[in-house]
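Participant: Before I ask anything, let me first share the structure, which is written out below as C-alpha cells.
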Amino acid sequence: MTMAPGNTTMSKDDIILKVEHLSMKFGGLMAINDFSFEAKRGEITALIGPNGAGKTTVFNCITGFYKPTMGMITLRQKSGKEFLLERLPDFEITKKAKVARTFQNIRLFSGMTVLENLLVAQHNKLMKASGYTVMGLLGIGGYKAESRRSIELAEHWLEMADLIDRADDPAGDLSYGAQRRLEIARAMCTEPEFLCLDEPAAGLNPAESATLNKLLRSIRADAGTSIMLIEHDMSVVMEISDHVVVLEYGRKISDGTPEHVKNDPKVIAAYLGVDDDEVEDVIATVESLDGGANG
Amino acid sequence: MAAVQNSSTHPEDNLVQKGIKEGIFAGVIAFGLFLLYIGVVTEQNIHNELVYRFRWFALAVFVIIAAVGRFLVVTVGQPWLAARKADAKNKVADSGESALKKALPKLALVFLLAYPMLAVGLAGPQGSLKYVDNFGIQILIYVMLGWGLNIVVGLAGLLDLGYVAFYAVGAYSYALLSTYFGLSFWVLLPLSGILAAFWGMILGFPVLRLRGDYLAIVTLAFGEIIRLVLINWSDVTKGTFGISSIPKATLFGIKFDASKDGFAALMGLAPSSAYYKIFLFYLILALCLLTAYVTIRLRRMPIGRAWEALREDEIACRALGINTVTTKLTAFAIGAMFGGFAGSFFAARQGFVSPDSFIFMESAIILAIVVLGGMGSLGGIAVAALVMIGGTELLREMEFLKVIFGPDFTPELYRMLLFGAAMVLVMLFKPRGFVGSREPTAFLRERKAVSGSFTKEGHG
Ligand SMILES: Nc1ncnc2c1ncn2[C@@H]1O[C@H](COP(=O)(O)OP(=O)(O)O)[C@@H](O)[C@H]1O
Ligand SMILES: [Mg+2]
C-alpha cells in the first residue's frame with residue numbers, strides 16, 4: 001500500500017482522520033459549532049485561528065479528553081481498520097487507534113529522566129512483553145529483549161530530537177525548546193499513525209523553531225506519521241503545512257492549501273491582520289460579503 | 001558562616017537592631033496570647049465560688065522566652081540557615097555517590113544478619129529478648145509497612161491515610177483462619193497478603209476518581225470502617241476483647257515451645273522464648289527483603305514506571321495510552337499485599353490481636369515514616385523507621401529521666417511529642433525527607449540521581 005500523497009490519486013485510503021459535524025458545548029458556550037474537516041495521510045495539516053477559537057478543544061475531542069456533544073470522528077489506519085474516536089476512552093485512542101498528542105502547556109514527567117519519559121511512552125508494548133509484569137518479575141519470557149528494543153527506539157527518537165546528550169538528565173532540567181521536542185519524541189515513541197501537536201512552536205526562539213521544523217519533516221518522511229498541528233506562527237504554518245483549516249469562534253471559516261487560505265479575505269480579517277493601507281479594502285470586502293449573506 | 005563574618009559590621013548592627021525589634025514584637029504578641037491562658041488562673045475557693053488570680057511570674061517567663069527566642073532566631077538562627085543553604089547550593093555539583101554510600105545497604109544487611117547473634121552473645125538468651133524483639137522486630141515491621149505504603153504514596157503518588165486497614169486485614173486473616181480452621185502460618189501468610197490485596201482493590205475502585213485531599217479523606221474513612229467492623233462484628237472477631245492464643249509460626253513443622261519435639265529440645269538447647277523471637281526476627285527480615293526486592297524489580301518494569309509517571313502527571317499518562325485505572329488499582333493492591341504480609345506476621349508474633357492495634361495513629365506513623373524517609377526511597381524509609389520507632393523504644397529505656405522530672409514521669413507518654421518535633425525538624429532541614437533524590441530506573445550512559453526538586457509528590 002502506498003503512503004506518499006503524491007503517488008496515489010485521491011481515494012478514500014488517503015484520508016486518515018475525518019471529523020463530521022463536531023460540536024462541543026460547555027454550559028451555554030458553543031466552543032465548537034458543526035465543525036467538519038478531513039486530514040490526509042502523510043500530510044501535515046495545520047489548524048489555525050485566533051485565541052479561544054476552540055482549537056485545543058478540537059484536539060481534546062479527537063484524543064478523547066472531552067466527549068463531544070455531537071459529531072463523529074473517524075480514524076482510518078493504514079491497515080484499513082477504522083475507529084470511531086468519540087466512542088473510545090482516552091487511553092485507548094492512543095493504545096488502539098494509534099493517535100498521539102502533545103499539550104499546549106508541556107506535560108512531561110519532570111522528575112523522571114529523558115530516557116525514562118520515552119520508556120513510559122512504550123508502556124503497552126512492554127507490559128505485554130513482560131506478561132503483564134508476572135513473567136518479567138520471574139525473569140521469563142521476552143521482556144529483556146523487548147526492553148532492549150524499547151531503549152533502541154528511544155535512542156532513535158532522541159537522535160531525531162537532538163536530545164541524545166541529555167538522555168540521563170531529568171526532563172524538568174531541559175530548556176523550554178528541548179522540553180517541547182522531548183514531548184514530541186515521547187509521543188512518537190507510542191508509534192502513532194496520527195500525531196496531534198498543540199502549539200509546538202509557541203515560545204521558541206528562531207533557532208529552536210528551525211530545529212522543530214526539521215523534526216516535524218523527518219517525522220512525516222521517516223515514520224510516515226501524519227501530523228496535525230495547532231500553530232500561531234504563520235511562517236511555520238506556511239512553510240511546513242500541506243493543508244490549513246481555519247477556525248473562528250468554533251466555526252470553520254476556511255479550508256485549503258496554505259496559498260488558498262493566505263489569500264482568503266475572511267481569514268485575513270479574522271486572523272492574519274492586514275497592512276494599514278489595505279484595511280479599508282478588506283473591511284469593504286468583508287462588509288459586502290456579510291451584506292450578501294444577510295440580504 | 002563565612003558570609004556573615006565577611007560582611008562589614010554595619011549589617012551586623014542592623015541584625016541586632018532587627019532582632020531587638022522583632023523580639024519586642026514577639027514579646028508583645030506572647031503577652032497578648034498568654035495573658036488569659038497563663039496569666040490568669042481560676043480556682044474554686046472553700047465557698048465553692050470561682051475566683052481568679054494572676055500569675056505574673058509565669059506569664060513573664062513565657063513572654064521572656066518568646067522575646068529572647070525570637071531575638072536569637074533573627075540574630076543567630078536565620079543567618080546560620082542562610083549560610084547553610086548557600087553551602088548546600090555549592091555542594092550540589094559534586095553529588096557523586098561515594099563508595100561508602102554504595103556499600104551501605106550490604107553492610108546494613110550483614111549487620112542485620114548478625115544482629116540476633118550479637119544480642120545473644122552480649123546479653124545472653126534472656127537478655128537478648130529486649131534487643132531482638134522490642135528493637136529489631138518492631139523496627140523491621142515498620143520498615144516493611146513503610147516500604148509497602150511507599151508503593152502507593154511514594155511511587156504512585158496516591159495519598160493513603162488508611163494503610164493500617166490492610167495491616168489489620170492481614171492480622172485478622174491469620175488470627176481468625178488459624179484459630180478457627182487450624183491452618184498453618186505458611187499457608188496463611190500468602191493468603192493474608194492476597195486477602196489484603198483484594199481489599200486494596202475494593203478500596204481502589206470507589207476512590208479512583210478522587211484525587212488529593214478527597215482521596216486522603218476517603219482512605220482515612222476506609223481505615224476507620226475496617227476498625228469499626230472489627231470492633232462491632234463481635235461474633236467473629238470478639239470485638240474489643242480481641243483474639244488471643246493465636247498459634248505461633250513454625251519452622252518446617254518444628255514448634256517453638258518447651259515440648260519434647262520443640263525447637264530447643266531438638267537442638268539440645270535450654271528452653272527459652274528467645275529462640276522464637278530470633279526466628280521471628282529472621283522471618284520479618286526475609287519479608288522486608290522480599291518487599292525491597294519486589295519494589296526494586298517493579299520500579300524497573302513498565303508497571304513501576306507507570307506508577308511513577310502517574311505521580312508526575314496523570315493526564316500525560318492517559319495521553320500515552322496508559323490505563324490509569326488498572327495502574328492505580330495495582331498500586332493499591334500490591335501496597336496492600338505487603339501490609340497484609342506484615343499484618344499476619346504481627347499476629348503470629350503477638351499471639352493476640354485487637355482493634356486497638358489498628359488505630360488511625362498507626363497509619364499516620366507509617367505515612368510519617370515514608371515522608372520523612374523521602375518518598376520513593378527504600379534506604380531513606382528504613383532510616384526513618386529506625387530513627388522514629390527505635391527512638392520511641394529508646395524512650396522506654398530512659399529511666400534516668402525520672403531522676404530529673406520526678407518519679408511520676410513516664411517518658412513513653414512524650415512519644416508523640418518527640419515524633420512531631422522530629423518531623424518538624426526534618427521537614428525544615430530536608431523538606432524532601434532523608435533521601436530527597438530519585439534513582440532513575442534506566443540509563444543510556446550514566447546513572448545520575450534525579451534531584452528531589454524535579455520530582456512531584458502526586459496529587460492523589
Ligand atoms: N473545559 C472547559 N470548560 C469550559 N470552557 C472551556 C473548556 N475548555 C475550553 N473552554 C472554552 O472553549 C473556548 C475555546 O477554547 P480553546 O479550545 O482552548 O481555544 P484555543 O485553543 O483555540 O485558544 C474558550 O472560550 C474556552 O474558554
Ligand atoms: Mg489552545
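The values are calculated or read from the model by the stated rules, or taken from the named source; none is laboratory data. None of these values were measured; they are calculated from a predicted model. Quick reminder, even Gly has a Cβ in these numbers, built from the backbone with ideal geometry, and neighbours come from all protein chains shown.
Participant: When region B:299-322 is examined, which residues are found to be within 7 Å of another protein chain (Cβ to nearest Cβ) and either at positive phi or within 24 Å of the chain's Cα centre (by Cα) (or both)?
Facilitator: Let us first name the residues in region B:299-322 that are within 7 Å of another protein chain (Cβ to nearest Cβ), namely B:301-303, B:305-306, B:308-309, B:312-313, B:315-316, B:318-322.
Within region B:299-322, B:308, B:312, B:321 meet the criteria.
Participant: Related question: Just to be sure before I move on: is residue A:48 among the β-branched types (Val, Ile, Thr), at pLDDT below 90 and within 15 Å of ligand 1 (Cβ to nearest atom) in the structure I sent?
Facilitator: Spelling it out, residue A:48 is indeed among the β-branched types (Val, Ile, Thr), at pLDDT below 90 and within 15 Å of ligand 1 (Cβ to nearest atom).
Participant: Assuming residue A:240 fulfils every condition listed in (1) within 13 Å of another protein chain (Cβ to nearest Cβ); (2) touching a residue at least 40 places away in the same chain (Cβ under 8 Å) apart from one, which condition is it?
Facilitator: Condition (1) is where residue A:240 drops out.
Participant: Might you let me know whether region A:256-264 holds any residue that is within 14 Å of the chain's Cα centre (by Cα), closer than 30 Å to residue A:96 by Cα, surrounded by 15 or more Cβ atoms within 10 Å (Cβ to Cβ) and modelled with pLDDT of 85 or more?
Facilitator: No - not one qualifying residue is present in region A:256-264.
Participant: For region A:27-45, how many residues are over 20 Å from residue A:199 (Cβ atoms) and either within 12 Å of ligand 1 (Cβ to nearest atom) or among the β-branched types (Val, Ile, Thr) (or both)? Walk me through it before giving the result.
Facilitator: At the first step, the residues of region A:27-45 found to be over 20 Å from residue A:199 (Cβ atoms) are A:27-30, A:33-34, A:36, A:38, A:40-42.
Now drop any that are not either within 12 Å of ligand 1 (Cβ to nearest atom) or among the β-branched types (Val, Ile, Thr) (or both), which leaves A:27-30, A:33.
Looking only at that region, the number is 5.
Participant: Let me ask another. Give the residue that is farthest from ligand 2 (Cβ to nearest atom), with candidates limited to residues of region A:222-237 that are in contact (Cβ under 8 Å) with a residue 40 or more places away in the chain and among the β-branched types (Val, Ile, Thr).
Facilitator: A:227
Participant: Can you tell me which residue within region A:192-221, out of those that are of a type outside the set (A, V, I, L, M, F, W, C) and within 15 Å of ligand 2 (Cβ to nearest atom), is modelled with the lowest pLDDT? Don't jump to the end; show me each part of the working.
Facilitator: Here is the first cut: in region A:192-221, the ones of a type outside the set (A, V, I, L, M, F, W, C) are A:192-193, A:198-200, A:203, A:205-206, A:208-209, A:211, A:213-214, A:217-218, A:220.
If we keep only those that are within 15 Å of ligand 2 (Cβ to nearest atom) too, we end up with A:198-200, A:203.
Values: A:198: 90, A:199: 88, A:200: 87, A:203: 82.
Applying the filter and picking the extreme gives A:203.
Participant: Determine whether residue A:163 is more than 19 Å from residue A:92 (Cα to Cα) and more than 9 Å from chain B (Cβ to nearest Cβ).
Facilitator: yes
Participant: If you don't mind, another one. Residue A:60 passes all but one of (1) away from ligand 2 (no atom under 16 Å from the Cβ); (2) within 14 Å of another protein chain (Cβ to nearest Cβ); (3) not in a loop (DSSP other than H, G, I, E, B); which number fails?
Facilitator: (1)
Participant: What do you reckon, is residue A:80 part of a loop (DSSP other than H, G, I, E, B) and surrounded by fewer than 23 Cβ atoms within 10 Å (Cβ to Cβ)?
Facilitator: Judged against the criteria, residue A:80 is a match.
Participant: In region B:147-260, which helices (runs of 4 or more DSSP H) lie fully inside it and hold 2 or more residues that are under 23 Å from residue B:277 (Cβ atoms)? Quick ask: steps written out before the conclusion?
Facilitator: On the way: elements: B:164-181, B:185-207, B:212-232, B:234-237.
So the answer is B:164-181, B:185-207.
Participant: Another question about this same structure. Would you check which residues across region A:177-210 are touching a strand residue (DSSP E or B) at 6+ places or on another chain (Cβ under 7 Å) and polar (S, T, N, Q) and list them?
Facilitator: Within region A:177-210, A:190 is the sole residue that qualifies.
Participant: If a residue counts only when it is in the same structural domain as residue B:280 (by TED's automatic domain parsing), modelled with pLDDT of 75 or more and within 30 Å of residue B:392 (Cβ to Cβ), which helices (runs of 4 or more DSSP H) contained entirely in region B:37-139 have at least 1 such residues?
Facilitator: Result: B:99-129.
Participant: While we're looking at this one, here's another question. Please work out if residue A:110 is at the interface with chain B (Cβ under 10 Å from one of its Cβ atoms), polar (S, T, N, Q) and either outside any helix (DSSP H, G or I) or surrounded by fewer than 17 Cβ atoms within 10 Å (Cβ to Cβ) (or both).
Facilitator: yes
Participant: Among the candidates B:390, B:373, B:351, B:420, which residue alone is surrounded by fewer than 24 Cβ atoms within 10 Å (Cβ to Cβ) and over 28 Å from residue B:243 (Cα atoms)?
Facilitator: After ruling out the rest, the residue left standing is B:420.
Participant: What number of residues within region B:178-215 satisfy the criterion of being among the aliphatic types (A, V, I, L, M) and at pLDDT 85 or above?
Facilitator: Looking only at that region, the number is 10.
Participant: Suppose we filter region B:45-80 for residues that are within 16 Å of residue B:27 (Cα to Cα) and either of a type outside the set (Val, Ile, Thr) or in contact with a strand residue (DSSP E or B) (Cβ under 8 Å, 6 or more places away or on another chain) (or both); how many remain?
Facilitator: Number of matching residues: 12.
Participant: Being in contact (Cβ under 8 Å) with a residue 60 or more places away in the chain and either in contact with a Ser or Thr (Cβ under 6 Å, 6 or more places away or on another chain) or away from ligand 2 (no atom under 16 Å from the Cβ) (or both) narrows it down to one of A:48, A:73, A:44, so name that one.
Facilitator: A:44
Participant: How about region A:119-157: which of its residues are among the small types (Gly, Ala, Ser) and facing another protein chain (nearest Cβ under 10 Å)? Spell out the reasoning first.
Facilitator: Of all residues in region A:119-157, those among the small types (Gly, Ala, Ser) come to A:121, A:129-131, A:136, A:139, A:141-142, A:145, A:147, A:150, A:154.
The answer is A:121, A:129, A:130, A:136, A:139, A:147, A:150, A:154.
Participant: Looking only at region B:435-450, decide whether some residue is touching a residue at least 40 places away in the same chain (Cβ under 8 Å), touching a Gly at 6+ places or on another chain (Cβ under 8 Å) and over 30 Å from residue A:165 (Cα atoms).
Facilitator: Checked against the condition, which is being touching a residue at least 40 places away in the same chain (Cβ under 8 Å), touching a Gly at 6+ places or on another chain (Cβ under 8 Å) and over 30 Å from residue A:165 (Cα atoms), region B:435-450 yields no hits at all.
Participant: Right, next: Check off (1) of a type outside the set (Val, Ile, Thr); (2) more than 9 Å from every other protein chain (Cβ to nearest Cβ); (3) assigned to a helix (DSSP H, G or I) for residue A:116 and give me the number that stays unchecked.
Facilitator: (2)
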